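What follows is a set of notes on a single structure, which appears directly below.
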Amino acid sequence: MTPEQALAAGQHTVPASHPNAPAGADRPQVPSPSLPQAYPNELTAREVEVLRLVARGLSDAQVAEALVISPRTVNAHLRSIYSKLNINSRHAATLFAIKQQLI
């Protein structure tokens with residue numbers, strides 16, 4: 001791999017003064033925004049992460065540790081999930097995750 005290829009793979013810029021620099025190399029590369037994945041019932045990506053872990057049987061404390069967030073934040077995500085899905089239990093959330101093939 002050439003240095004230019006290594007830089008391109010790491011999404012770094014090649015100095016404009018470099019002999020093999022492409023036109024506009026002096027401008028920093030801005031990553032193109034990836035299209036957000038659509039999740040059911042307008043769940044956010046983070047809510048789906050929490051839902052997947054809860055559906056696997058993890059406690060709030062275990063989910064918090066896995067996602068490096070506080071248990072209170074996990075609880076807030078669960079309240080939002082329950083509201084969006086119009087449910088009120090971990091069991092119902094697990095059934096939803098299974099039916100939607102999230103786990």
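Brief remarks follow.
- Taken as Cα centroids, region 89-103 and region 39-53 sit 11 Å apart, rounded to the nearest whole angstrom.
- Accessible surface, 1.4 Å probe, highest first, among residues 99, 84: 99, 84
- Legend: calculated FRET efficiency, residue 72 to residue 100, from the Cβ-Cβ distance at R0 = 25 Å, rounded to 0.05, equals 0.45.
The values are calculated or read from the model by the stated rules, or taken from the named source; none is laboratory data. Values in this document were obtained by computation on a predicted structure and should not be read as measured data. Counting neighbours? That spans all protein chains shown, and the Cβs are built from the backbone with ideal geometry, glycine included. Only protein heavy atoms, including side chains, enter the accessible area calculation; ligands, DNA and RNA are left aside. Shrake-Rupley method; radii C 1.70, N 1.55, O 1.52, S 1.80 Å.
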